[in-house]
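What follows is a short report on a single structure.
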Amino acid sequence: MAVLEITDVKKTYRSPTGERQTIIDIPKFAMEEKAHVALEGRSGSGKTTFLNLIAGILKADTGQLLVEGTDIQSLSEPSRDLFRAKTIGYVHQTFNLLQGYTALENVELGMMFGRGLDKEYAVDLLGRVGLGDRIHYYPGQLSVGQQQRVAVARAMANHPKLVLADEPTGNLDPHHTHEALSLIRGICREQGTALLLVSHDDEVLQEFENRQSLADINLAGQEASTA
Amino acid sequence: MSGISGSSTLSGIFLMVRRSLRQHALSTAITMFSIALASGLVMSVFSINDQTRAAFTGGEVGFDAVLGARGSQLQLVLNTVYHLETSPGNIPYEMYATIKDNPRVKLAIPYALGDNYQGFRIVGSTEDLFNEFEYQKGKKFEFQKGGRAFDTARREAVIGSFVAQKTGLGLGDKFNAYHGLIYDPNMRHEEEYVVVGVLKPTNTPSDRVIWIPIEGIYRMTGHVLRGTGEQYTAEAGKEIPDEHKEVSAVMLKFKGPQDGMLMDQTINKQGKVATLAWPIGRVMMDLFNKIGWVTRVLTLVSYLVVLVAAASILASLYNTINERRRDFAILRSLGARRRTIFSAIILESSIIALMGSLLGFVVYAIILGVTTLVIRSQTGVVLDIFSPHPILILAPIGMTVVGAISGIFPAIKAYTTDIASNLTPIS
């Protein structure tokens, strides 16, 4: 069964000159359950917009976006928020950790708005990403690599079916890049979670058997590159 | 969609509020302080107003009426009951003798004023004051250990507890009276009085009085009696004829409630010589009604302070919203709904207001404590700091509601935070 099915999804923005500019135009894209897919996308290719559409953070102008069989487009905003919290984990390039909250609280907050607080599991998750002794540290007290691990733990907090990773290694050095990828993929495999990762980094992309180029599936990108 | 546990979301909201209050501790503390001032001020204005009104108009003073010279009833009451203001003049002693025997009068005690010691008034009176007079129902003046009432034939004095505390006078101590109601070292009378009694505190204006025999006032050097209209000076060892004597006022207690009305009719409406201030509570109420605008101004000022405090909540929260936009976007991306963010901001502003209001009780206690000391030292009337008043419940509730309302605008700003544009740059 497909965890993600996209059909004829379009997203446009109004440019500063007032014209509508198409950022995303994807006729078809699908991902199977538990699959790990890497999408190659250069800067400005609309990869964050694409992931935000899947996460329901943005709404497409047209098309159908099925996540776990639910058309996320048809949900009301509060329902989308709840659906996202329960079904999708999101690892951002800048980690987007809440600076005023400890590592444990960052993970717990992910649970509180999703499937509900499970303190034991939150501690367990942080232990699994190697931060068992730093659960009460604030992000500012952690290294960049450790912050990344908190972000991964938080993404897994609600036992998601799909994890979206937007340049998750963008802020890491090559050594930590490999380590971080192993961590994300390992924990997704452990939980049987599908992973959709977008990156422009060849080294990252090489680690995935299933690689695609966003430009190949996004007609808007093709128009832009041929223009 | 199945709903998530409400308590879990609530935990999230409380965690958000707790962290925000800690992250913005300084602005939170300053805002709370302004709320505390506003809340304390409102509680103080209402409470002091009602307490002073109750103490001066409804409180028991032991007498029903004051008989004095023709003139202002208020001046008469202030001068004799509260020992403030100057005397409106004297009345002949015979009026005291007459009214004392009136069948409607249960108790009549003469006061003769005109001297002081270190600014505390010396009042000449009779021993009835200690034997018959009840300053509150069932409560007569009581002496501190070793004290007794003055002997009317001697230069003896009984002093109030506040006088003893402030002047240091105690049993056996001697002092000289000074002429006039305001202390002037050049106006010293020759006669020396000895303290034979110190009264236990009564929390009434009597605590600020020095009592001596009324005869002592008549015989004080330099005092001239004009009971007959002509000047008369008392001579040592020689009895003073009653017709020469004067009293500043006669404090009256009637036998029944009807008697006051009838005496009022007789003395105020038909007579032309004297004034009967009756009932004392009504006379003081007139005063409070006349100065009611002061209370209204104070109330208005305190409401304005509340407005300023509310504005300070709004400003401090609004200023933090911009720097917290990314946090809101992250929380939204984690599944927090717009209304969750909205509720967190409203809860935060309400908590700031509630905590400020609770701190307001400290401000209230300080203001009331200082006011009580001032009023006590000026009038002898003691306010009860711990007296319950509806404002002590209404003000914190009202302030919290105002706080919640102040949070609406910042909450709307937080509510409308766009997730995508505040998370990471679009790529």
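The residue list B:Phe14, B:Phe33, B:Phe46 contains one member that is open to solvent by 30 Å² or more (accessible area, probe 1.4 Å) and within 14 Å of chain A (Cβ to nearest Cβ), which is B:Phe14.
None of A:Arg80, A:Arg42 is under 24 Å from B:Thr417 (Cβ atoms) and basic (Lys, Arg) except A:Arg80. Examine the stretch A:176-189 for a residue that is free of Cβ contacts under 8 Å to residues at least 40 places away in the same chain, open to solvent by less than 70 Å² (accessible area, probe 1.4 Å), within 30 Å of B:Ser7 (Cα to Cα) and in a helix (DSSP H, G or I), and state whether such a residue exists. Within the stretch A:176-189 (the criterion being free of Cβ contacts under 8 Å to residues at least 40 places away in the same chain, open to solvent by less than 70 Å² (accessible area, probe 1.4 Å), within 30 Å of B:Ser7 (Cα to Cα) and in a helix (DSSP H, G or I)), the answer is no, since none of the residues qualifies. Would a scan of the stretch B:214-221 turn up a residue that is over 41 Å from the mean Cα position of the chain (by Cα) and over 24 Å from B:Leu107 (Cβ atoms)? No; the residues of the stretch B:214-221 include none that is over 41 Å from the mean Cα position of the chain (by Cα) and over 24 Å from B:Leu107 (Cβ atoms). If you check A:Gln64, A:Gln93, A:Gln141 for being open to solvent by 40 Å² or more (accessible area, probe 1.4 Å) and under 14 Å from the mean Cα position of the chain (by Cα), only one passes: A:Gln93.
Within the set B:Ile397, B:Ile345, the sole residue that is part of a helix (DSSP H, G or I), more than 14 Å from chain A (Cβ to nearest Cβ) and over 22 Å from B:Lys413 (Cα atoms) turns out to be B:Ile397. Among the conditions (1) closer than 26 Å to A:Asp25 by Cβ; (2) within 14 Å of chain B (Cβ to nearest Cβ); (3) open to solvent by less than 20 Å² (accessible area, probe 1.4 Å), the only one that A:Leu205 does not satisfy is (2). Condition test on B:Gly335, is it buried (at least 16 other Cβ atoms within 10 Å of the Cβ) and more than 14 Å from every other protein chain (Cβ to nearest Cβ)? No: the conditions fail for B:Gly335.
Mind listing whichever residues of the stretch B:318-330 are more than 7 Å from chain A (Cβ to nearest Cβ) and either closer than 15 Å to A:Gly100 by Cβ or free of Cβ contacts under 8 Å to residues at least 12 places away in the same chain (or both)?
Those that are more than 7 Å from chain A (Cβ to nearest Cβ) and either closer than 15 Å to A:Gly100 by Cβ or free of Cβ contacts under 8 Å to residues at least 12 places away in the same chain (or both): B:Thr320, B:Ile321, B:Asn322, B:Glu323, B:Arg324, B:Arg325, B:Arg326, B:Phe328, B:Ala329.
Test B:Val283 against the stated conditions and say whether it is in contact (Cβ under 8 Å) with a residue 12 or more places away in the chain and over 13 Å from B:Gln73 (Cβ atoms). Quick ask: steps written out before the conclusion?
Numbers: in contact (Cβ under 8 Å) with a residue 12 or more places away in the chain: yes; over 13 Å from B:Gln73 (Cβ atoms): no.
The answer is no for B:Val283.
Is the stretch B:178-187 home to any residue that is under 28 Å from B:Thr98 (Cα atoms), touching a residue at least 12 places away in the same chain (Cβ under 8 Å) and not in a loop (DSSP other than H, G, I, E, B)? Within the stretch B:178-187, none of the residues are under 28 Å from B:Thr98 (Cα atoms), touching a residue at least 12 places away in the same chain (Cβ under 8 Å) and not in a loop (DSSP other than H, G, I, E, B). Does A:Leu183 fit the bill of being touching a Leu at 6+ places or on another chain (Cβ under 9 Å) and of a type outside the set (Gly, Ala, Ser)? No, not satisfied.
Across the stretch A:88-99, not a single residue is classified as away from chain B (no Cβ under 14 Å), at pLDDT 90 or above and farther than 30 Å from B:Leu21 by Cβ. How many of the residues in the stretch B:288-319 are within 16 Å of B:Ala411 (Cα to Cα) and touching a helix residue (DSSP H, G or I) at 6+ places or on another chain (Cβ under 7 Å)? The number of residues fulfilling the criteria is 7. In the set (1) at pLDDT 90 or above; (2) assigned to a helix (DSSP H, G or I); (3) within 10 Å of chain B (Cβ to nearest Cβ), A:Gly110 fails one condition alone, (1). If you go through the stretch A:150-175 and keep only what is under 18 Å from the mean Cα position of the chain (by Cα), at pLDDT below 90 and either part of a helix (DSSP H, G or I) or of a type in the set (S, T, N, Q) (or both), you end up with A:Thr169, A:Asn171. Checking each residue in the stretch A:164-206 for being more than 15 Å from A:His36 (Cβ to Cβ) and polar (S, T, N, Q) picks out A:Asn171, A:Thr177.
A single entry from B:Lys269, B:Lys290 fulfils the requirement of being open to solvent by 50 Å² or more (accessible area, probe 1.4 Å) and under 25 Å from B:Glu60 (Cα atoms): B:Lys290. Within the option set A:Leu58, A:Leu82, A:Leu51, A:Leu66, being within 11 Å of chain B (Cβ to nearest Cβ), more than 29 Å from A:Asp173 (Cα to Cα) and not in a loop (DSSP other than H, G, I, E, B) holds for one residue only, A:Leu82.
So that you can scan it fast, the table gives a plain yes or no per residue for (1) away from chain B (no Cβ under 12 Å); (2) buried (at least 19 other Cβ atoms within 10 Å of the Cβ); (3) modelled with pLDDT of 95 or more:
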| residue | (1), (2), (3) |
| --- | --- |
| A:Gln73 | yes, no, no |
| A:Leu117 | no, yes, no |
| A:Leu125 | yes, yes, no |
| A:Val129 | yes, yes, no |
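The lone criterion from (1) in a loop (DSSP other than H, G, I, E, B); (2) open to solvent by less than 50 Å² (accessible area, probe 1.4 Å) left unmet by B:Pro388 is number (2). Filtering the stretch B:323-340 for residues that are within 35 Å of the chain's Cα centre (by Cα) and either among the charged types (D, E, K, R) or in a helix (DSSP H, G or I) (or both) leaves an empty set. Among the residues examined, B:Tyr82 does not qualify as open to solvent by less than 40 Å² (accessible area, probe 1.4 Å), among the aromatic types (Phe, Trp, Tyr), outside the structural domain of B:Pro388 (by TED's automatic domain parsing) and outside any loop (DSSP other than H, G, I, E, B). In the stretch B:295-317, the condition of being open to solvent by 10 Å² or more (accessible area, probe 1.4 Å), farther than 21 Å from B:Ala36 by Cβ, within 14 Å of chain A (Cβ to nearest Cβ) and basic (Lys, Arg) is met by no residue. Within the stretch B:96-143, the set of residues being in contact (Cβ under 8 Å) with a residue 12 or more places away in the chain, in contact with an Asp or Glu (Cβ under 7 Å, 6 or more places away or on another chain), open to solvent by 40 Å² or more (accessible area, probe 1.4 Å) and in a strand (DSSP E or B) comprises B:Gln136 only. Please specify each residue of the stretch B:195-210 satisfying the condition of being on the phi < 0 side of the Ramachandran plot and open to solvent by 40 Å² or more (accessible area, probe 1.4 Å). Selection gives B:Lys200, B:Pro201.
The values are calculated or read from the model by the stated rules, or taken from the named source; none is laboratory data. Because the structure is predicted, anything quoted here is derived from the model rather than measured. Virtual Cβ from ideal backbone geometry, glycine too; neighbours counted across all protein chains shown. Only protein heavy atoms, including side chains, enter the accessible area calculation; ligands, DNA and RNA are left aside. Shrake-Rupley method; radii C 1.70, N 1.55, O 1.52, S 1.80 Å.
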